Amino acid sequence: MSRFKDAGHLFRFAFLFVVAFAVFLVVRHFVVPRSFGEYGHYRGAAIGEIAAHPIHFAGHQACEACHADIADTKKAGKHATVNCEACHGPLANHAADPSIQPAKLDTAVLCIRCHAASAAKPKDFPQVDAEQHSSGVACETCHQPHSPAIQAGGAK
Amino acid sequence: MSGVEGYMYPNEITLYWSVLIVLYPYITGLVAGAFILASLERIFNVEAVKPTYRLALLTALSFLIVAPLPLQLHLGHPERSPEMYFTPHATSAMAMFGFVYLWYLMAVLVFEIWLDYRKDIVLLSQSTTGLKRILYRIMTLGSSNISPRSLAIDRKVGWIVTLVGIPSAFILHGYVGFIFGSLKSNPWWDSPLMPVVFIFSAMVSGIAAVLLLYMLTAKLRNQPIDMPCVDTVAMYLFYIFILDFSLEMLDLIHRIYEADESFRSLNFMVHTKLYFSQIVLQLCIGTLVPILLLAIVQVTHLSATIRKRIYVLSGCLVQVGVFAMRWNVVIGGQLFSKSFLGYTTYKVGLVTREGLLVAIFLSILPLAILSGLLKLLPPWPKDEQNLVEAAATHTP
């Protein structure tokens with residue numbers, strides 16, 4: 001019993017730990033969002049919140065339904081794999097209501113976004129140094145955006 | 001692009017881990033090193049280094065308090081950092097490290113200091129007045145039991161805490177090395193030797209720091225320096241330094257011999273951008289010179305004055321060397337491109353949030369905390385006698 005008494009101060013220290021842990025649990029209870037861990041190591045409610053965001057992209061299937069001509073041109077050309085909205089930007093509002101005019105594109109800045117020469121790009125990806133290649137002339141002057149390849153001997 | 005040579009991927013041009021991330025392993029290293037010095041003497045009962053025991057514990061505590069600050073300042077949203085504790089992810093090295101840190105701070109360091117000082121605290125709570133008395137009262141946790149039995153229990157429990165503390169200190173700093181060593185994407189860091197090298201360099205820097213602090217505080221208090229004590233500490237420093245040096249060389253030789261695809265690029269970096277900090281500061285000035293100086297002391301019979309000067313000099317050089325080592329790891333690992341075709345430059349800001357002024361402030365802060373702790377809990381054995389007397393005359 002007296003041994004117990006002489007170790008009393010140790011229990012006081014241990015008690016501090018218990019209190020600190022209890023405080024931690026209480027704080028944790030209040031700061032961790034309710035839905036945390038519902039599906040995984042994140043706030044479950046976040047999925048609903050993100051799903052509620054307005055949609056910005058319509059997807060190329062939507063465009064192709066109305067702009068079949070362009071879809072056909074594109075399919076035959078080198079940009080077959082490039083999505084409409086990769087160039088035109090998000091156009092969900094236009095697809096829902098065609099009276100909303102999409103913004104005009106400036107090919108002088110649009111095309112080099114993908115085609116600017118860089119050592120980091122795979123060697124077989126078509127790339128040009130815009131200064132040397134066209135010295136500032138809009139790419140559209142020579143290339144058809146929806147079917148960009150220029151056939152040898154074809155129109156410049 | 002300014003500061004870029006050759007080819008860098010765009011995300012490599014700016015260094016994100018700044019001088020504060022250099023400071024962080026340096027500071028935790030001092031903690032682990034100082035604690036391991038204290039533990040060695042406690043576990044192995046080395047009488048000679050007793051005068052540094054409490055000083056080492058307080059040093060460890062004051063640096064440990066500051067250790068997370070550089071990380072906090074580095075974070076874009078420091079207020080979110082507690083989430084690491086509330087919803088920890090088992091695969092996050094940083095989150096697990098947070099618990100190691102807390103465990104080490106509270107269950108090891110604070111507890112051990114409290115046990116060791118309990119008698120002093122109780123006596124002080126009886127001999128002081130006013131605010132100080134209240135403070136000491138709180139620190140006694142309301143128990144003024146300093147019967148021989150209770151103190152004997154404290155010693156036993158303290159011994160166990162120290163025993164648990166040694167692996168804890170190893171884990172604390174091993175973890176810092178692990179955070180770098182486990183990054184397989186970075187050939188400069190990716191090495192299983194990293195945690196081990198970090199621990200040994202931590203011991204070197206921590207022991208040297210305690211040695212310096214002991215001599216400095218003795219000087220400031222106009223007390224004679226206990227030469228057998230500093231000689232023994234310096235001897236430890238020497239042997240652990242040799243181990244540390246061997247491990248670092250092992251790592252180096254391994255890299256050179258293995259010469260994997262990153263070697264040419266890293267080798268070039270060490271000979272250009274890192275030449276000064278790695279070869280000159282870390283290897284020559286910070287390692288070879290102090291090892292040589294300490295070796296001279298071991299094999300010759302020099303006078304006490306010269307030995308003291310050598311200890312101060314090599315202690316300071318060790319700090320420079322270990323800081324340079326952290327610098328070379330953290331900054332060096334971000335200077336080269338993963339394409340192995342280019343290099344970038346790190347420019348330290350001066351008054352930015354992660355700039356030089358903040359780094360200097362964070363390096364001085366632990367010393368300020370330490371001087372406060374030294375006032376609050378004087379570690380000098382001589383004072384103990386006076387304390388008992390003061391308490392005896394003062395008890396109402």
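Relative to the Cα centre, what is the charge dipole magnitude of the protein assembly as shown, using +1 at the beta carbon of each Lys and Arg, -1 at the beta carbon of each Asp and Glu, and rounding to the nearest 20 debye?
Numbers: 41 positive and 36 negative charges, 377 e Å.
In debye, rounded to 20, the protein assembly as shown gives about 1820.
Quick test of the membrane-span-like rule: which DSSP H helices of chain B reach at least 20 Å along their long axis (C-alpha atoms) with mean Kyte hydropathy at least 0.0? Each step should come with its number before you reach the end.
Working: long enough: B:19-43 (36 Å, 1.73); B:53-66 (21 Å, 1.91); B:111-127 (23 Å, 0.07); B:148-181 (48 Å, 0.98); B:194-220 (38 Å, 1.99); B:227-258 (45 Å, 0.99); B:304-330 (39 Å, 0.88); B:356-376 (30 Å, 2.42).
Membrane-span-like by this criterion, though nothing is claimed about a membrane: B:19-43, B:53-66, B:111-127, B:148-181, B:194-220, B:227-258, B:304-330, B:356-376.
Under 8 Å for C-alpha pairs, at least 6 residues apart: give me the relative contact order for the range B:259-386, rounded to a whole percent.
That works out to 24 percent.
Students sometimes get this wrong: rank B:294, B:317 by accessible area, probe 1.4 Å, all chains present, largest first. Each step should come with its number before you reach the end.
Details: B:294 0, B:317 30 Å².
So, going from the largest accessible area down, we get B:317, B:294.
Share of the range B:235-373's accessible area from carbon and sulfur, percent, 1.4 Å?
Working: 5290 of 7160 Å².
Of all accessible area on the range B:235-373, carbon and sulfur atoms account for 74 percent.
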Per-residue SASA entry for residue B:92, accessible area with 1.4 Å probe, Å² rounded to 10
40 Å²
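Determine the relative contact order of chain B: mean sequence separation of Cα pairs under 8 Å and six or more apart, normalised by residue count, in whole percent.
On the way: 495 pairs, mean separation 120.4, N = 396.
Taking the mean separation of contacting Cα pairs over the length of chain B, I get 30 percent.
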Give me the distance between the Cα centres of the range B:35-108 and the range A:48-123, rounded to whole Å.
53 Å
For residue B:47, tell me the accessible area in Å² from a 1.4 Å probe, rounded to the nearest 10.
120 Å²
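Note the direction-averaged projected area, equal to a quarter of the hull surface, for the Cα convex hull of the protein assembly as shown, in nm².
Working: hull surface 146.1 nm².
So the mean shadow area of the Cα hull is 36.5 nm².
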Can you give me the distance in nm between label points at residue B:304 and residue A:46, each placed 7 Å from the Cα along the Cα-to-Cβ direction?
6.4 nm
Positive end of the charge dipole of chain A (Lys, Arg +1 and Asp, Glu -1 on Cβ, about the Cα centre): tell me which of A:139, A:11, A:36 has its Cα farthest that way.
A:11
Within the range B:168-203, what residues put their amide N at less than 16 Å from the label point 7 Å along the Cα-to-Cβ vector of residue B:92?
B:179
Would you tell me the accessible area of residue A:114, worked out with a 1.4 angstrom probe on the heavy atoms of the protein chains, in Å² to the nearest 10?
70 Å²
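From largest accessible area down, sort B:330, A:137, B:351, A:32; use a 1.4 Å probe on the protein chains. Walk me through the numbers before you get to the answer.
On the way: B:330 0, A:137 75, B:351 115, A:32 20 Å².
Reading off the accessible areas and sorting them downward yields B:351, A:137, A:32, B:330.
Mind checking the per residue accessible area of the range A:56-102 for me, 1.4 Å probe, whole number of Å²?
With all protein chains present, the range A:56-102 gives 67 Å² per residue.
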Dipole moment magnitude, nearest 20 debye, the range A:2-51 about Cα centre, only Lys, Arg, Asp, Glu C-beta charged
300 debye
Report, in whole Å, the centroid distance computed from the Cα atoms of the range B:208-265 and the range B:313-341.
16 Å
Percent carbon-and-sulfur accessible area, the range A:1-60, ignoring ligands, DNA and RNA, probe 1.4 Å:
72 percent
Averaged over the residues of B:76-88, the number of partner chain Cβ atoms within 10 Å of each residue's own Cβ comes to 2
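Can you give the relative contact order of the range B:1-90 as a percent, counting alpha carbon pairs under 8 Å and 6+ residues apart? Don't jump to the answer; show the numbers that get you there.
Details: 51 pairs, mean separation 29.5, N = 90.
Normalised by residue count, the contact order of the range B:1-90 is 33 percent.
Which entries in the list B:50/B:156; B:119/B:308; B:273/B:308 go over 28 Å, if you measure between the two C-alpha atoms of each?
Details: B:50/B:156 17 Å; B:119/B:308 33 Å; B:273/B:308 36 Å.
Distance filter (> 28 Å) returns B:119/B:308; B:273/B:308.
Mind checking the per residue accessible area of the range A:104-156 for me, 1.4 Å probe, whole number of Å²?
Numbers: 4080 Å² over 53 residues.
That works out to 77 Å² for each residue.
Please report the projected area of the range B:117-212's Cα convex hull averaged over all directions, in nm².
Working: hull surface 37.8 nm².
Hull-based average projected area comes out at 9.4 nm².
Using the 2.2 N^0.38 Å rule of thumb for compact globular proteins, work out how chain B stacks up: its C-alpha Rg over that value, please.
1.06
The values are calculated or read from the model by the stated rules, or taken from the named source; none is laboratory data. Predicted, not measured: the structure shown is a model, and the values here were computed from it. FYI the Cβ positions are ideal-geometry reconstructions off the backbone, even for glycines, and counts take in every protein chain you see. Note: accessible area is taken over every heavy atom of the protein model, side chains too, but ligands, DNA and RNA are not part of it. Shrake-Rupley method; radii C 1.70, N 1.55, O 1.52, S 1.80 Å.
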